[in-house]
Amino acid sequence: MRTVHTFQASGILAGQVLFLEWDFLWRLGVLIGVCALGTWVIIQVKRWRQETTEALPAAPQELLDHYQEMVEKGLLDPDELARIKARMGKPSSDTLSQPHDPSPPADQSADTSS
């Protein structure tokens with residue numbers, strides 16, 4: 001059986017080449033490095049998403065306990081804690097200011113052209 005050692009066939013018949021092609025090995029190393037970097041990025045993003053999922057907003061009582069600890073440490077003013085408690089006790093003012101009215105406005109009449 002004859003072995004082909006021409007320049008054109010060396011790229012195709014890599015198993016029959018008797019010397020190392022450093023250009024090929026360099027590119028292979030870059031490809032492996034890029035794959036490893038991509039795998040690392042995917043793992044980090046998964047961990048980040050898990051952490052953000054686990055760090056959902058705490059219950060109101062937990063938040064108030066945290067703010068109370070901040071007052072005890074001197075990081076938060078007691079008046080500010082009172083304002084936070086008042087705000088957490090009341091529903092949002094945006095929902096109360098815009099009541100839902102299903103009827104059309106007075107200046108527009110209902111369409112009766114049928």
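Every number in this text was worked out from the coordinates using simple rules, so none of it is lab data. Keep in mind that what you see is a predicted model, and the values were worked out from it rather than measured. Cβ: placed from backbone, ideal geometry, glycine included. Neighbour counts: every protein chain shown.
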Non-local amide H neighbours of LEU76 (under 5 Å, H modeled in plane, Pro and chain starts lacking H): which ones? VAL71
With r defined as the distance between the Cβ atoms of LEU75 and CYS35 and R0 fixed at 41 Å, what FRET efficiency is calculated, to the nearest 0.05? 0.30
